[in-house]
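Nothing in this text is a laboratory measurement; each read-out follows from the coordinates by a stated rule. Being a predicted model, the structure only gives us computed values, none of them experimental. Positions of Cβ are backbone-derived with ideal geometry, glycine not excepted, and every protein chain shown enters the neighbour counts.
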Amino acid sequence: MNKSKDNLPQNVKPRGFWGRIAVRVMAKGLRSIYKNVATVLDLHPEDDFLEIGFGSGIFMRSYASHVRSITGLDHSEDMVKLATKYNQERIDAGTAEFRQGEASQLPWENEKFSAAAAIATFILLPKPLDSLKEIHRVLRPGGRLVISVEWNAEDGVDYTKYIKKYRIRLYTGKEIQAMFQEAGFSESSITYSKGFKRHKIIIVRGVK
Ligand SMILES: C[S@@+](CC[C@H](N)C(=O)[O-])C[C@H]1O[C@@H](n2cnc3c(N)ncnc32)[C@H](O)[C@@H]1O
């Protein structure tokens, strides 16, 4: 897997032609996860929605077209361009904004959003707790965050070689819930769903 200038593999920072292909293929594989996340997130027309690590931006186009505003942050410049292309109508209408940046340093003011999600992204974050604290900061009281965790420490599978190759971090659902609590979320819950092959997917929902 070819690396970026900052030495990150394509799954962590997709870029260029192959990065664009990879996230589109990935989005097809993630369809059932998108659906489950959308169910747990339960977006309403009055929501101001934030997605961290949006990749192609297809989740927002498919599941957040009815909300008041969509906003996203991704550290890949190429993903910002791709998501902009997929959501151009909303950008033109002034109800969408995509920025390049790091999940642990969000460029928005406190309490700007009512809902947030990170799909297939949390296990890639180098500063997971700081990122959760930042998401918590920009959520309004009662705002919810939903994350999907595709590889986990509960499967009982030896993922050693993937940890290095794909730069992933493995957690149990309980470890993530403890991080949510430390970040300030007042409650959290877990839903499990079936993943690809032997994986099970953990979906964690927190409320500020
Ligand atoms: C595996 S892709 C998933 C993309 C998208 N959520 C989807 O469902 O197709 C992970 C995404 O998170 C972004 N990402 C990874 N680490 C990040 C970080 N520390 N800060 C911001 N974005 C990050 C990557 O650039 C990539 O677009």
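Condition check for Glu154 on (1) touching a helix residue (DSSP H, G or I) at 6+ places or on another chain (Cβ under 8 Å); (2) outside any loop (DSSP other than H, G, I, E, B): one failure, at (2).
Only residues that are within 18 Å of Ile201 (Cβ to Cβ), more than 8 Å from the ligand (Cβ to nearest atom) and touching a Ser or Thr at 6+ places or on another chain (Cβ under 8 Å) were counted across region 39-51, and they come to 1. Evaluate region 84-92: report whether one residue or more is assigned to a loop (DSSP other than H, G, I, E, B), more than 26 Å from Pro9 (Cα to Cα) and away from the ligand (no atom under 13 Å from the Cβ). Among the residues of region 84-92, not one is assigned to a loop (DSSP other than H, G, I, E, B), more than 26 Å from Pro9 (Cα to Cα) and away from the ligand (no atom under 13 Å from the Cβ), which makes the answer no. Every listed requirement among (1) away from the ligand (no atom under 12 Å from the Cβ); (2) without any contact (Cβ under 8 Å) to a residue 60 or more places away in the chain is met by Val138 save one, (2).
Considering Ala118, Ala22, which residue is within 9 Å of the ligand (Cβ to nearest atom) and touching a strand residue (DSSP E or B) at 6+ places or on another chain (Cβ under 9 Å)?
Details: Ala22 fails: touching a strand residue (DSSP E or B) at 6+ places or on another chain (Cβ under 9 Å).
Of Ala118, Ala22, the one residue that is within 9 Å of the ligand (Cβ to nearest atom) and touching a strand residue (DSSP E or B) at 6+ places or on another chain (Cβ under 9 Å) is Ala118.
Residues considered: Phe59, Phe54. Of these, the only one that is part of a helix (DSSP H, G or I), buried (at least 23 other Cβ atoms within 10 Å of the Cβ) and within 12 Å of the ligand (Cβ to nearest atom) is Phe59.
Applying the condition of being touching a residue at least 40 places away in the same chain (Cβ under 8 Å) and more than 8 Å from the ligand (Cβ to nearest atom) to region 121-135 and asking which residue is farthest from Gly184 (Cα to Cα) yields Ile123.
Of all residues in region 28-51, how many are of a type outside the set (Val, Ile, Thr) and either closer than 17 Å to Ser114 by Cβ or buried (at least 21 other Cβ atoms within 10 Å of the Cβ) (or both)?
13
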